[in-house]
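The values are calculated or read from the model by the stated rules, or taken from the named source; none is laboratory data. These figures come from a predicted structure and were not determined experimentally. Backbone-built Cβ (ideal geometry, glycine too); neighbour counts: all protein chains shown. For accessibility, only protein heavy atoms count, side chains too; no ligands or nucleic acids. Shrake-Rupley method; radii C 1.70, N 1.55, O 1.52, S 1.80 Å.
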Amino acid sequence: MSSLPIYEMLAQAFASEGVDSLFNLMGDGNMHWATAMSKIDGMRVYHARHEHCACGMAMGYYSATGKTGVASVTCGPGVTQIATALSTATRARVPLVVFAGESPINAKWYNQQIEQAPIVTATGAHYVRAHSAKLMHEYVREACYVARHERRPTVLGVPYDLQKQPHVGPSDYKTSAAYIPQTGRTPPNPETVALLVEKLSAAQRPIIIAGRGVVSSGAQAAVEELAEASGALLATTLPGRGMFDHNPFSLGVAGGFASQVARDLFAESDLVIAVGASLTYYTVDGGNLFPKAYVAQIDERPLGLRDGMLAAELFVKADAKAGVEAVTRELRQRGAAKNGYRSPKIAQRIAETPVDSAEFSVAPSTFDPRHVIAALDRAIPKDWDMVSGSGHQSYFQTHMRGRKPENFHVLREFGAIGNSISIAMGVAAAKGHGKVVLIEGDGSLIMHIQELETIRRHGLRLLICVLNDGAYGAEIHKLRQDGLDDSGAIFGRPDYESIAKGFGLRGANIKDLGQLPALMKAYDAQGTAEIWNIPISDQVTSPRMRRVMVRGHGVI
Ligand SMILES: Cc1ncc(C[n+]2csc(CCOP(=O)(O)OP(=O)(O)O)c2C)c(N)n1
Ligand SMILES: [Mg+2]
């Protein structure tokens, strides 16, 4: 038995879970616990300026390390602030634990009282209502277990008067890891493998789309081998971006962000096999990407109905590596390898077709965003971590090349702008090497600009490149198309050089893309975060936006 206050014991339980970083904003409900956390040996505590950003940092930490992110907010207004972050984490299946207080259970009245559970569960997150002093260990374990095992954000609500009472249970804590089933790789059912091999043998133009499941299962080489044996072209989901950039038969990303040549080749495909990819609305471009293809999926968690559509017609339920290797084995046993969709002509087409060759008139002193991305791709070393921002500009950065998906951080499933600065901060905190770039829109960045202060105070090192069209680009293009006044979405280009400097960081307004290599050297040579403010044209629309404009609807 221990006589520690409960908040101390709770902090020790989190430390036993292997937590080494906490992203926090204090109030009545969490300040005792957060302070106890900060006294634990080796614990790094980051204090953000907005609760949403504390959660965003924890999500970035997860994206960079694969470990559960831990954030903390106070009760009441601290919890209402994080509805967007929780929804984002739910959609992106991010294991996240948020320690929130709860209003005191023994008070007759408390101004910050609100029913937290419905707010949290409405986002899809799990809520643990920790009201029994005896069960505190169980609560922490449940929160960590659900976050990790279900890849779902979880909020732990502990009334703050209860936190100050002495802990009455046993002092030893059994971690959630002991409760997580270790089942090893799921092998495929040989019957479904045989069905898929039949389809693959008959296909003339197969394409394999690899998703995040391929990365987590270490199946990249196995997927390339299957593609070669079956004559399939290769593509990835957006989070899998860059996986096969070295392969001459790689089309880059599938979906609404696909290049022109990828779209053309997908349009003629007769078989698409998704591996470790859940075939979201975005990956299949709302059903428009491969209308002629028979679709099969190899996945641990096959979903028949995905985003309102039939995801696939044949499902091989398996770990990506085990499933793909079984299909390749069976295919080889059945006969010789075939060329399928592969030929020197196709490789040449892939290599030579520009991503998008549409022409626009670009106003003086602004840049074509496609040229900006090409210049950034040359200036930023390939091994850097890259965080993808939101808005219309995010299309362009998708086409940077030769960067591994392990270093690519994109958590945009909920479609909320304003998240990426804190996600990038979490990546920078976890990596600690300063080789992190956030490419972001001007409107998204300013939504949580206060976090530049957090960056400065904690000495976080990252490079922020703003593709600044002086507007909510996503909105102006749609409004213009519909013949409406766009002025409500135009703000003028913020002077991010001065903003950065005002927060004690470095900044540069880019006048010439030729400056970038020298600026890169200067960034490397010092220890402070930096913003490059790059004025882009508000006339250049992405192919994705142009299609949305033609169809007159769509999700962007
Ligand atoms: C929280 C939230 N508010 C509003 C929107 C609507 N929205 C989508 S894109 C966008 C514009 C983002 O502007 P910016 O970051 O400058 O990127 P751009 O589209 O200009 O490239 C807005 C306001 C949203 N998706 N999320
Ligand atoms: Mg903008």
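Laid out as a table, the results:
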read-out	value
Trypsin sites (Lys or Arg not before Pro) lying in DSSP loop within segment 125-228, provided at most 16 other Cβ fall within 10 Å	Arg151, Lys164, Lys174, Arg185
Cross-link partners of Lys317 among lysines (Cα-Cα below 18 Å; sequence separation of 8 or more within a chain)	Lys199
Segment 122-209: GluC sites (Glu not before Pro) in DSSP loop, at most 16 other beta carbons within 10 Å	Glu150
Prolate/oblate/rounded label for segment 41-136 (Cα gyration tensor, a/c 1.5)	prolate
Point-charge dipole on Cβ atoms (K/R +1, D/E -1) for segment 94-248, about Cα centre, debye to 20	400 debye
Long-range amide H partners of Val253 with built H, under 5 Å	Thr236, Ser259
The chain: calculated mean residue ellipticity at 222 nm from DSSP helix runs of at least 4, using -39500 (n - 2.57)	-10500 deg cm²/dmol
Cα-centre dipole for the chain with unit charges at Cβ (Lys and Arg positive, Asp and Glu negative), debye to 20	720 debye
Highest-first arrangement of 422-431, 298-307, where packing means the average Cβ count within 10 Å	422-431, 298-307
Coil-residue trypsin sites (Lys or Arg not before Pro) of segment 32-101, DSSP, other Cβ within 10 Å capped at 13	Lys39
Nearest-0.05 FRET efficiency for Thr183 and Asn288, computed from C-beta distance (R0 35 Å)	0.40
For the chain: accessible area per residue (Å², 1.4 Å)	40 Å²
Spin-label pair Gln481/Glu359, simplified geometry with 7 Å Cα→Cβ offset, distance in nm	2.3 nm
Amide H contacts under 5 Å for Ile439, placed H, 5+ residues apart	Val387, Gly389, Cys465
Unsatisfied cross-links (Cα-Cα over 29 Å) in the set Lys67/Lys435; Lys67/Lys478; Lys108/Lys134; Lys292/Lys345; Lys67/Lys321	Lys67/Lys478
Cut-off 13 Å between beta-carbons: net charge of the residues surrounding Thr236, Lys and Arg +1, Asp and Glu -1	+2
On Cα atoms only, tilt of 320-334 relative to the major axis of the chain in degrees	30 degrees
Beta bridges per DSSP with both ends in the chain, % antiparallel, nearest 5	5 percent
Between segment 403-446 and segment 77-104, the Cα center-to-center distance that results, in Å	19 Å
Aspartates and glutamates whose Cα lies under 12 Å from that of Lys174, excluding same-chain neighbours fewer than 8 positions away	Glu17, Glu138, Glu142
Share of carbon and sulfur in the accessible heavy-atom surface of the chain [1.4 Å probe, %]	52 percent
Shape category assigned to segment 247-331 from the gyration tensor of Cα positions, a/c cut at 1.5	oblate
Per-selection metrics, segment 1-41 (Cα): Rg and Dmax in Å	10.1, 31
With all protein chains modelled, accessible area of Asp368 [1.4 Å, Å²]	10 Å²
Mean separation of Cα contacts under 8 Å (6+ apart) over length of the chain, as relative contact order %	13 percent
Radius of gyration and Dmax over the Cα atoms of segment 349-477, both given in Å	15.0, 50
Computed P(r) (all Cα pairs; the chain; 20 Å bins; percent)	21, 50, 27, 2
